[in-house]
Every structure is written in C-alpha cells, then in structure tokens.
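Down below is the structure, laid out as structure tokens.
The values are calculated or read from the model by the stated rules, or taken from the named source; none is laboratory data. The structure presented is a predicted model; accordingly, all values stated were derived computationally and were not measured. As a convention, Cβ positions derive from the backbone with ideal geometry for all residues, glycine included, and neighbour counts pool all protein chains shown. Heavy atoms of the whole protein, side chains included, go into the accessibility calculation; ligands, DNA and RNA do not. Shrake-Rupley method; radii C 1.70, N 1.55, O 1.52, S 1.80 Å.
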Amino acid sequence: MELNGRRVLVTGASGGIGEALVEQLCKAGAQVLAVGRDVDRLVAAQGRFPQALQWVAADLATSAGVDAVAAAARAFGGVDCVVQGAGLNRFGLIEQQDDEAIAAQVVLNLVAPMQLTRRLLPLLRERPRALLLFVGSTFGAIGYPGFAPYSASKFGLRGFAEALRRELADGPVRVLYLAPRATRTAMNASAVVEMNRALGVAMDPPQQVAAAIVQALRDESPERHLGWPERFFARINRLLPRVVDRALRRQLATIQRFAYSESEEIRP
C-alpha cells in the first residue's frame, strides 16, 4: 500500500516502537491517529507533526478505552490502515506472577486487539482496500521460559491474525502479522536486558522494527518474523519442537537467575 495520504491508526503509539512508527509514517506522508496512554509523549509527537498527527489517550484494557478509539477513528474520517502495537509483558516465572498480572497481559495483548478489530472492521470495509497489521513477537512462535503468559497471549494473537486473514479473504481488508524479536524499549525490564546480554541475545532498536512495519505495510506481507537466528528457530519450533526444548533447557538456569533477581511491568 502506498502510505502517502493514507489514514493510519496506531495503537501503542506512546511506546518505543509505536513512537518510532508514528514518526516514520508521518514522514512518509500518512495522516496518523496515534493511540496511547502517555499524554505527554502524544502531545510532543503532535508538536513535531502538527499537520499529520492527531491523538487519543485511551486504556485499551477497558471497554471504554476501546470504544473511545473506535469513536476517534470515525471522527478522524475513517482509516485505511490499522497497526495494533499496544502490548504488555511481565518477566518472571509463572509462580512469581499473580492473577492480576497474568490477566492484564492476556487482556491487552489478545482480548483488546480482537475487540478493537470488531469495532473498526466496518470502517475498514468502507475503503476499496485496507490493511490491518498486528504486532506480535518471536515469543508468539517460540514459548519462552520466564514469559509464559506473554507467550500465550502472543501465540493467541498470531492465531487470531491467521484465522482473520482467512475469514476476510473475500473482501477488501488484508490482515498482516509482524513478529519482532527482542527490542530495546522500556517494556523490557532491566533484568531482561541483562539476561539477553548474558545469553548473547540481540536486541533491535525500535526504529529498525518500525521501519520493518512500514515496509510490511508497503509490501502487504501477510506474515513476517524479524531477526536471525530467531526466524530460523521459529520455523524449527513448528517442525521439531524437541530440538528447541533442548536448546532452551541449556539457558534455563540463567533465565531463572535473572527472573529471581528482578521482575517489573511497564505498559506503553
């Protein structure tokens, strides 16, 4: 899709990837409706792109927040493209995560995108062609120790995107899914950054991930996984999961050590 002049709604726009994505979309000539929770960052973004950007502050973990975004999209004049990037993770072993933390990840990462999709589909269907892109995760293809609820929610999001792509195949809406690997954003606890360093896991800058999202929108790529060897292991995990089991078993002691050292939660 050519982005110049298109109306694009971005959730998670006050987070690291979302903020970078909004900037790149505005520079590409898109009209952007930025959705986030950090009002200061949204206002600052509008100050940089006053002609291209509008924003709405909303908590997508609530029905009222989802409704507010749908209303803002209608007031925006409809949308040609939706990028659902809002997300939440909580690093820690499952016994370290209480019921509220588990539910919060599932609601924001999986339930909210489904609910928002249902509300926005009538607007998207008004366009001769429209795109709906979900930002997933490598952990939506590889269940990773220390991120069990997060992995479950992202596995679910990938399944939703796949089913929805097939459900909407006879209409104007194209469904895309992009899975970043570890990214250097505030969503990752300090323990995660240190753990990745200890394990030799690469972390991409958010600007690089944002550029991949922009390219996926232009190419209309149905599914894209970022990073090597993460992309390779995602394929192996589908075909030969026991191979990945053995590889991650060697990392388990390190993961447990960092999980016990620190656990924190940050939402964009």
Given VAL22, VAL83, which one is of a type in the set (Val, Ile, Thr), within 21 Å of PRO205 (Cα to Cα) and without any contact (Cβ under 8 Å) to a residue 40 or more places away in the chain? VAL22
With the requirement that a residue be open to solvent by less than 50 Å² (accessible area, probe 1.4 Å) and out of contact with any Leu (no Cβ under 7 Å at 6 or more places or on another chain), what does the range 128-141 give you? SER137, THR138, PHE139, ALA141
Does any residue of the range 46-56 turn out to be hydrophobic (A, V, I, L, M, F, W, C), part of a helix (DSSP H, G or I) and crowded, with 20+ Cβ neighbours inside 10 Å? no
If the requirement is being farther than 24 Å from PRO180 by Cα, at pLDDT 95 or above and part of a helix (DSSP H, G or I), which of these qualifies: ALA112, ALA71, ALA20? ALA71
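If you go through the range 80-90 one residue at a time, do you hit one that is of a type in the set (Gly, Ala, Ser) and over 19 Å from the mean Cα position of the chain (by Cα)? Give the steps one after another, and end with the answer.
Taking the range 80-90 first, the residues of a type in the set (Gly, Ala, Ser) are 85-87.
Cutting the leftovers down to over 19 Å from the mean Cα position of the chain (by Cα) gives us none.
Checked against the condition, which is being of a type in the set (Gly, Ala, Ser) and over 19 Å from the mean Cα position of the chain (by Cα), the range 80-90 yields no hits at all.
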Checked the range 170-189 for anything surrounded by fewer than 16 Cβ atoms within 10 Å (Cβ to Cβ) and in contact with a Gly (Cβ under 7 Å, 6 or more places away or on another chain); matches are ALA186
Specify which of the listed residues (VAL192, VAL214, VAL209) is open to solvent by less than 20 Å² (accessible area, probe 1.4 Å), under 21 Å from ARG250 (Cα atoms), in a helix (DSSP H, G or I) and in contact (Cβ under 8 Å) with a residue 12 or more places away in the chain. VAL192
Does LEU239 satisfy being open to solvent by 40 Å² or more (accessible area, probe 1.4 Å) and among the hydrophobic types (A, V, I, L, M, F, W, C)? yes
Hey, does the range 76-99 have a residue that's in a helix (DSSP H, G or I), small (Gly, Ala, Ser) and surrounded by 16 or more Cβ atoms within 10 Å (Cβ to Cβ)? no
